[in-house]
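Engineer: This is the structure I want to talk about, given as structure tokens.
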């Protein structure tokens, strides 16, 4: 989630960030088109603050 906020200024809910996390961990084959669905902004503001704090270090 922090990576998405930092690089694309997108706030997505934790479940929405799972698709990108999977792609980053399991590199897809070259030449394949992969489209992750990054959804939702349904996130608690306290949790969002904690993620930003931990990601900023």
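The values are calculated or read from the model by the stated rules, or taken from the named source; none is laboratory data. Note that this is a predicted model, so its numbers are computed, not measured. When we count neighbours, we look across all protein chains shown, and the Cβ atoms used for this are built from the backbone with ideal geometry, even at glycine.
Engineer: What's the number of the condition residue 52 fails, among (1) in contact (Cβ under 8 Å) with a residue 40 or more places away in the chain; (2) on the phi > 0 side of the Ramachandran plot?
Structural biologist: Tallying (1) in contact (Cβ under 8 Å) with a residue 40 or more places away in the chain; (2) on the phi > 0 side of the Ramachandran plot, residue 52 fails exactly one: (2).
Engineer: Across segment 37-54, which residue is modelled with the highest pLDDT among those that are assigned to a loop (DSSP other than H, G, I, E, B) and more than 12 Å from the chain's Cα centre (by Cα)?
Structural biologist: Only one residue tops the list, namely 44.
Engineer: Restricting to segment 4-14, name every residue that is surrounded by 12 or more Cβ atoms within 10 Å (Cβ to Cβ) and not in a helix (DSSP H, G or I).
Structural biologist: Across segment 4-14, the qualifying residues are 10, 11, 12, 13.
Engineer: Within segment 15-31, how many residues are modelled with pLDDT under 90 and not in a helix (DSSP H, G or I)?
Structural biologist: The qualifying residues number 5.
Engineer: Here is a further query. Does residue 34 qualify as being modelled with pLDDT under 90 and surrounded by 14 or more Cβ atoms within 10 Å (Cβ to Cβ)?
Structural biologist: Criteria not met by residue 34.
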